[in-house]
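The values are calculated or read from the model by the stated rules, or taken from the named source; none is laboratory data. None of these values were measured; they are calculated from a predicted model. Glycine gets a Cβ as well: all are built from the backbone with ideal geometry, and neighbour counts include every protein chain shown.
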Amino acid sequence: MNMYMKQPFLKLLLLLTLGLLLQACSKDDDYFRERPRPDPLENAQPYSNGFFVITEGSYGQTAGTVNFYAYGADTVITRAYEKANPGKITSNASLSSTLQFACLYNQKLYLISKLNGPILRLDARTLKEEARYNQESSNWRSLIGVKDNQGLVSAADGVYAINLNTLGVQYKLSAVSAVNTGDMLKEGNYVYLLQANGAKIIDATNYSFVKGFANINRGFARTPNGKVWASTGSRLIAIDKNLDTVGVALPVGIGSFGLDAPTRITASAKENAVFYHSGSAIYKYVDGNAGSLGQPFITISESPFMVYGAIRYDRNKDYLVVNGIKGYGGLAGVNFLLIYNASTGALVKKITYGNDGSVVDFNHIYFPELTVFY
């Protein structure tokens, strides 16, 4: 083949090669378009799309823990705290303290234990422990954020200001009684406190005393109309923005496990309605409509079943979330998570986790008592 014949042949060969390269690049582009790479930020925040189930643990046997439910899932991620913090526990070394309360504030999950247990701060999206406060002798109840870096923590002997960065307790409030104190709620310019001698309202700026109600011993929850709800046990009490009260008689009273357990009252963020449970019955009071208490809003059909801890409203989904167990002893290993539509009462999801309840197995006994939402 002479030089003049080679040139067209070489040109044809170059064109064919270029075409093959372009086709290969096109296929690679299609591959990456159809199969996007995982988002590393999403993987770094495994606990960002769901809610937390706070568990007591078994006194002297296991520490309380944090379980997690991802929206739409058919299971509960158990012992998520230990998975994020290998070798750490939420209690004291003797396992005699009980994880009793938790709250979310500024993307941080705070865990509070009674009976000489620690106060912990976790990154809510990863559950990595960031800070821990231990006091030689303590009996904490609950915690709320009040200002950017300051909160209040209630205890068996009153209420204390706490630094939310270091978790160091700063000072005891002198404006309220130094008595057993439980649930707290910040609403507007006020902080509501539940104490052994009644409910107290203090100023959220300087913690000065504003008003007290000697007969209120259960609380608190808020509705969209700005009312804060509490109870005497037999009556539901609404406290309005002027701190005036109106009560409604309850056909079935609101029970209580004392000030060291979360309140059994929760409220909707969609409508002006308050929920509480008694046994397997859940009642819904729509503000101003006494007839709404005429019969249970929900009757839990599982049997045997007992609500453990307190029901809670999920404002993200308009859900009413119920934690439960089959009973005590071995039956405590059968754990329930029931999710209801808070507007209609329809069951959305039922999840059973743990074991079959035939033996006492502390690896599966959680005592799930409180649900915490973003």
**Study point:** Residue among Lys186, Lys227 that is surrounded by fewer than 21 Cβ atoms within 10 Å (Cβ to Cβ), at pLDDT 95 or above and under 22 Å from His277 (Cα atoms)
**Key:** Lys227
Study note, to complete from the structure: Filtering the range 230-265 down to residues that are assigned to a strand (DSSP E or B) and surrounded by 19 or more Cβ atoms within 10 Å (Cβ to Cβ) yields Ala230, Ser231, Leu236, Ile237, Ala238, Ile239
Point to revise | Residues that are surrounded by fewer than 18 Cβ atoms within 10 Å (Cβ to Cβ), closer than 19 Å to His364 by Cα and either of a type in the set (S, T, N, Q) or under 14 Å from the mean Cα position of the chain (by Cα) (or both), drawn from the range 59-76 | key: Gln61, Thr75
Check your understanding: Is at least one residue of the range 274-281 surrounded by fewer than 21 Cβ atoms within 10 Å (Cβ to Cβ) and under 20 Å from Asp183 (Cβ atoms)?
Key -> yes
Exercise for review: Run Val348 past the list (1) within 20 Å of the chain's Cα centre (by Cα); (2) within 23 Å of Gly255 (Cα to Cα); (3) among the aliphatic types (A, V, I, L, M) and report the number of the one that doesn't hold.
Suggested key: (2)
**Study point:** Set Ala332, Ala346: member being at pLDDT 95 or above and over 30 Å from Ile112 (Cα atoms)
**Key:** Ala346
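So that you can scan it fast, the table gives a plain yes or no per residue for (1) of a type outside the set (Val, Ile, Thr); (2) in a strand (DSSP E or B); (3) farther than 23 Å from Ile144 by Cα; (4) touching a residue at least 60 places away in the same chain (Cβ under 8 Å):
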site	(1), (2), (3), (4)
Ala310	yes, no, no, yes
Gly324	yes, yes, yes, no
Leu338	yes, yes, yes, no
Ser343	yes, no, yes, yes
Tyr353	yes, yes, yes, yes
Gly357	yes, no, yes, no
Tyr366	yes, no, yes, yes
Thr371	no, yes, no, yes
Review point. Scanning for something among the small types (Gly, Ala, Ser) and surrounded by fewer than 21 Cβ atoms within 10 Å (Cβ to Cβ), does the range 314-324 turn up at least one residue?
Key: no
**Study point:** Cβ pairs under 8 Å, 6+ apart, first in the range 39-51 and under 12 Å from Leu104 (Cβ atoms), second modelled with pLDDT of 95 or more and assigned to a strand (DSSP E or B)
**Key:** Tyr47/Phe68; Phe51/Phe68; Phe51/Tyr69; Phe51/Asp314; Phe51/Val321; Phe51/Thr371; Phe51/Val372; Phe51/Phe373
Review point. How many residues does the range 145-183 contain that are touching an Asp or Glu at 6+ places or on another chain (Cβ under 9 Å) and either assigned to a strand (DSSP E or B) or surrounded by fewer than 18 Cβ atoms within 10 Å (Cβ to Cβ) (or both)?
Key: 7
